[in-house]
1. Only counting other Cβ atoms within 10 Å, I'd like Leu50, Leu72 sorted with the fewest neighbours first.
2. I'd like the Karplus ³J(HN,Hα) series for region 385-394: coefficients 6.51, -1.76, 1.60, θ = phi - 60°, whole numbers in Hz, and an x wherever there's a Gly or Pro.
3. How charged is the neighbourhood of Leu32? Take every other residue with its Cβ under 12 Å from the Cβ of Leu32, and add Lys/Arg as +1 and Asp/Glu as -1.
4. Describe numerically, in nm with one decimal, the distance between label points set 7 Å from Cα along Cα→Cβ at Ala206 and at Thr378.
5. Could you give each residue of region 150-159 its phi-based ³J(HN,Hα) in whole Hz, using Karplus coefficients 6.51, -1.76, 1.60 with θ = phi - 60°, and x for Gly or Pro?
6. Sum up the charges of everything whose Cβ sits under 13 Å from the Cβ of Phe184, counting Lys and Arg as +1 and Asp and Glu as -1, but leave Phe184 out.
7. Net charge around Ser127, counting only other residues with Cβ within less than 12 Å of its Cβ (Lys, Arg = +1; Asp, Glu = -1)?
8. Among Val82, Val198, Val372, Val391, rank each residue by its count of other Cβ atoms within 10 Å, from fewest to most, as a rough exposure measure.
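Every number in this text was worked out from the coordinates using simple rules, so none of it is lab data. If you're wondering where the values come from, they're calculated on a predicted model, not measured in any experiment. For neighbour counting, all protein chains shown are included, and Cβ atoms are generated from backbone atoms with ideal geometry for every residue, glycine included.
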Amino acid sequence: MTIDASTPDDGRDAQRSVRPATGAGAVLGALLGIAMGVSNALGYLLVLMLSRTLGPEDFGGYSALSTFGVLLAIPAGAFQVVIARRIAGSARHEVTTGLRLASGVSVALFAATSLLSPALRDVFHLSSAWSAVLMGSMLVPMTLTGCFQGILLGSHRLRALSALYVVTAVTRLIAALVATIEGFSVVEVFAAMLLAAVATALVGAALCRAELRGIAGGGHGLAAEMLRSNSTLAALTALTSIDVLLARHYLSQHNSGGYALASTFGRAICWGTQFIALIVVPRMRGAGATRTLLKASGLVLGIGLVGLAVVSISPSFWVRVAGGGQYADYGHVAQACVVLGIAWALAQIWLFSEMGAGEHLLGALTWGAVVVEALAVTLRWHDSAVQIVTVCTVCAMAIAVAGLVRVLLRHQRRLPPLDEESVVLTADRAGA
């Protein structure tokens with residue numbers, strides 16, 4: 001499918017040609033949810049392999065550097081949101097793939113990371129600066145993949161988007177499998193992950209080949225829009241990442257590795273429900289946006305509570321399954337991290353909805369919460385993993401509650417009719 005963005009009418013026709021009917025939307029929405037669930041499960045297998053292969057000390061360093069990479073990869077997520085919004089609203093926005101700007105931004109980030117690699121080696125207690133260089137090089141294919149995901153999401157090509165999410169997880173899992181078999185070091189693991197990221201980007205380009213021929217690579221005002229979207233997305237990423245960095249800095253290397261594994265349980269809730277937030281984004285400017293958001297948040301909360309119930313049956317068992325006996329003492333931390341993950345997931349859907357609606361207040365509040373979180377841990381509560389996760393949970397819950405209050409106030413002012421095209425609501429009803 002090629003979108004001709006030469007005129008608003010052509011853009012609307014293209015959008016109508018790719019928007020699924022209500023029944024098809026339900027199936028495709030469910031497919032996307034399944035794909036992201038599978039990706040989440042494969043991510044758990046990756047953690048299981050690397051946590052055992054590297055051991056707590058090196059796994060803590062790997063996790064901290066990877067988390068820092070997630071912060072640097074914020075533009076990849078922002079490109080996905082902005083490109084999806086532009087393509088979905090082609091009658092109002094200039095349609096673009098964003099690849100020209102994405103290439104420049106990612107190369108600049110790679111160069112900066114390479115220059116700072118000796119400092120990153122010392123901060124995260126790594127054996128070699130090459131780990132940071134390789135991590136930085138991953139930013140280029142990851143950012144391009146973000147553009148491809150945005151194209152597919154905005155075009156309502158949920159089947160292809162689902163495939164790309166699965167490919168991302170599978171290539172990383174293959175890299176982890178090779179690392180486990182060969183007993184890779186941290187440097188070698190990052191080299192394998194770089195190859196996986198390149199392979200994923202190539203698949204994304206193949207899936208979007210028609211759009212890449214028909215849509216311009218640049219766009220007017222894209223950089224400014226990226227900066228606005230980056231602010232909110234950066235706040236969300238910082239909120240869901242800073243705990244691992246603080247743990248690596250203040251806890252022992254062994255304990256930071258245990259915390260890194262336990263925190264993965266919370267991230268599983270956030271990752272596993274992200275498909276709901278992504279589906280909400282293109283619908284935040286349409287009729288029924290408020291009710292769509294309320295329904296979606298209820299679905300997120302339900303999934304999180306189910307996850308908490310499962311982990312609470314035997315927290316230490318799940319930690320041993322994930323990382324082995326070396327991590328057995330961190331079961332209670334994993335349970336606490338699931339609660340943290342629920343708060344993250346709710347904050348995520350509020351913040352993604354703000355990006356879809358072009359608002360920024362909750363993003364600013366989230367930055368404030370991140371600052372409070374960092375100060376609280378730095379100045380006082382950093383003696384144990386429990387203290388760190390408690391501070392992070394309080395701050396994340398504050399954002400979740402603030403988002404809910406904003407939605408309820410909006411709901412009371414004006415309750416639009418239900419948007420029947422929302423695959424989120426359809427999937428919610430199907431799972432009820």
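1. In increasing order of surrounding Cβ atoms, one gets Leu72, Leu50.
2. 5, 5, 4, 5, 5, 5, 4, 5, 5, 4
3. Neighbourhood net charge equals +2.
4. For the pair Ala206/Thr378, the computed spacing is 4.7 nm.
5. With coefficients 6.51, -1.76 and 1.60, one gets x, 4, 5, 5, x, 7, 6, 8, 5, 5 Hz.
6. Working: positive: Arg52; negative: Asp58, Glu182, Glu188.
Cβ neighbours under 13 Å give a net charge of -2.
7. Net charge around Ser127: -3.
8. Val372, Val198, Val391, Val82
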